[in-house]
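The values are calculated or read from the model by the stated rules, or taken from the named source; none is laboratory data. Here the structure is a predicted model, which is why all the values come from computation and not from measurement. Please note: Cβ atoms are built from the backbone with ideal geometry, for glycine as well, and neighbour counts cover all protein chains shown. Accessible surface is based on the protein model in full, side chains and every heavy atom, while ligands, DNA and RNA are left aside. Shrake-Rupley method; radii C 1.70, N 1.55, O 1.52, S 1.80 Å.
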Amino acid sequence: MYKVNNESELIDFGEKIGSKLELGDILILTGDLGTGKTTLTKGLARGLDIGQMIKSPTYTIVREYEGRLPLYHLDVYRIGDDPDSIDLDTFLFGDGVTVIEWGELIEHHLPENYLKVTIEVDGQGRRLSLTGKGPKYQELIGELT
């Protein structure tokens, strides 16, 4: 469990994670509307040396950014439990890092190994729970403490 007190700390925490990400990594972000999934992704992008402004992919489903590794930023809220409506495999098995907002909606369509980040409101701040699916992501969580 991690606690951040404001948006800046959430971005910094995302940057810390992003700096450790490697080719093929998959993260799913869960949390209610407005909890900070896109804000965390801004930090992930910074950790991947991406200088572009990160925007929510709510209406476009997918946004791609170039940095140390490409970042595929998906929001699957609108596709619900129909991942076939996009070519999910292109991103999951592509040449970059995949971050999926509302990823719990398609969790059973994902590979066995990924990092799940759950964000919850905690007063003015946020509480983040990280779950490593597979040894690589469990080790990554250990590196963050």
ask   = If we keep just the residues of the range 98-145 that are more than 16 Å from the chain's Cα centre (by Cα) and within 22 Å of residue 9 (Cβ to Cβ), which is least open to solvent (accessible area, probe 1.4 Å)?
value = 125
message = Which count do you get for residues in the range 33-77 that are closer than 20 Å to residue 9 by Cα and in a loop (DSSP other than H, G, I, E, B)?
response = 13
Matching residues, the range 70-92, being at pLDDT 75 or above and surrounded by fewer than 20 Cβ atoms within 10 Å (Cβ to Cβ) = 70, 77, 90, 92
ask   = Which of the residues belonging to the range 39-69 are modelled with pLDDT under 95 and either within 24 Å of residue 129 (Cα to Cα) or among the aliphatic types (A, V, I, L, M) (or both)?
value = 53, 54, 55, 56, 57, 58, 61, 62
message = If I filter the range 4-19 for residues that are over 14 Å from residue 103 (Cα atoms), in a helix (DSSP H, G or I), of a type in the set (Lys, Arg) and modelled with pLDDT of 90 or more, do I get at least one hit?
response = yes
First in the range 98-123 and aromatic (Phe, Trp, Tyr), second anywhere and open to solvent by 60 Å² or more (accessible area, probe 1.4 Å), Cβ under 8 Å, 6 or more apart = 102/77; 114/133
